[in-house]
1. Shape of the chain from its Cα gyration tensor (a ≥ b ≥ c, root eigenvalues): rounded if a/c is under 1.5, otherwise prolate when a/b > b/c, or oblate?
2. Summing Lys, Arg as +1 and Asp, Glu as -1, what charge do residues with Cβ under 14 Å from the Cβ of V234 carry, V234 excluded?
3. Return the single residue from A313, A180, A140 with maximal mean-square fluctuation; model: Gaussian network over the chain, springs between Cα atoms under 10 Å.
4. Taking the chain as a Gaussian network, where each spring joins two C-alpha atoms under 10 Å apart, which residue of P350, P165, P137 fluctuates the most?
5. Is there a quick way to get the dipole size of the stretch 259-364? I mean about its Cα centre, with the Cβ of Lys and Arg at +1 and of Asp and Glu at -1; what is the value in debye to the nearest 20?
6. Give me, ordered by chain and number, the residues 5 or more places off L358 or on other chains with an amide H under 5 Å from its own placed amide H.
7. Please name which of I329, G81, A261 has its Cα lying farthest along the dipole of the chain towards the positive end, using unit charges on Cβ (Lys, Arg +1; Asp, Glu -1) and the Cα centre as origin.
8. Order these by the 10 Å Cβ neighbour count, fewest first: Y340, Y306, Y85.
Amino acid sequence: MLPVWQYRLCMKMDRQRTELRRQQALRRRAFPEATAAQWADWHWQLRHRVRTAEALDRMLDLSARERRALARPATWRMPLGITPYYLSLLAAEPPDGPLRRTMLPDLREAHMAPGERLDSLGEAAHQVAPGLVRSYPRKALLLAAGDCACFCRYCTRARTAGQPPPAPAEALAWLRRNPAIRDVLVSGGDPLTLGDARLESILKALRSIPHVELIRIGTKVPATLPQRITPALVRMLRKYRPLWLSLHFIHPAELTPQAAAACRRLLDAGLPLVNQTVLLRNVNDSLEVMVRLNEGLLQMGVKPYYLHQGDLASGTSHLRSTASTGRRILRKMCGLTTGYAVPLFMFDRPGGGGKVPLGPAGSP
Ligand SMILES: *Cc1c(COP(=O)(O)O)cnc(C)c1O
């Protein structure tokens, strides 16, 4: 019999092989002309994003429900965009699977539920310069990119998804003039879809402002395009420490060997990683999935930070779970798993009221 540690190692290698085989199968079916080197190149991945219903229909086995929504782009709340890498995760799921729900359009996106708004967080009202949102006294949010590697159907900023961001000059000038701001969260869109030089010019400008103590980057790229986390990118990022990254993993199926390796490269460079997830109906709103997601993140060196109750963005009610479900899951997690694995449950109040904790603290 194998010792336990050898057995675990074999299991891990087996999982890695299975994952790679799965990606190869999708590559052969959907991108038969692509080489392994191209697949590993983030520029190739971005250029070959799946953007149309026709392409998706060729590449995935779709359910009737998925096909109906794909056939009616007029009902979509935002464009379709999926990297070939992430498509390989969708291909591994049955039709209507959890990750598919977050990436494929749904006919209910056209429906505005009571209380929903286009700008659910009132960011337009809190904009102090183009692309700079200040909703809190000492921290600000810089929308540095319009594009994302993949477009999540539950996006808060669907109204601007894929559009070019405003030039950052005015935002940077505002930050220089406002010494109250000690923390800047660089988000978008996804700032890691920018090229190294473009991103570095922003980080350098922020670092040159003496009162900006902390820089944070909000990104889903380690989940949707782990190939982007190149040694060159990491060498650049580490120059701007203290720099923290808020990642966005939502389901354990995203915790692949490539995603783990991307996180490892960032951690090795001294960049702390936290995760923000969203409570999504029929995607991750169960105890079993939340435990696997957050324990898996800890294994990868990522601290679960926030679990967001879905905000009231228009056309997202079919993906929104309930606050009581989130509370129940977190309460059960507290006794069951490592305390580090339990995120804070947050709700971003509509109209720019700011984030408030919904638990688990204090809930009996
Ligand atoms: C969420 C958010 C932040 C960062 O909030 P933390 O709770 O510190 O992570 C900053 N600015 C805006 C406008 C935000 O929505």
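1. Because its axes are fairly even, with a/c under 1.5, the chain counts as rounded.
2. Result for the neighbourhood of V234: +4.
3. A180
4. Highest fluctuation among the options: P137.
5. Magnitude of the dipole: close to 140 debye.
6. Under 5 Å from the amide H of L358 lie the amide H atoms of F345, M346, F347, each far enough along the sequence or on another chain.
7. A261
8. Ranked by crowding around the Cβ, least crowded first: Y340, Y306, Y85.
Values quoted throughout were computed directly from the atomic coordinates according to the rules given, and no laboratory measurement underlies them. Small disclaimer: the values here were computed from a predicted structure and weren't measured. Methodologically, a virtual Cβ is constructed for each residue, glycine included, from the backbone with ideal geometry; neighbour enumeration extends over all protein chains shown.
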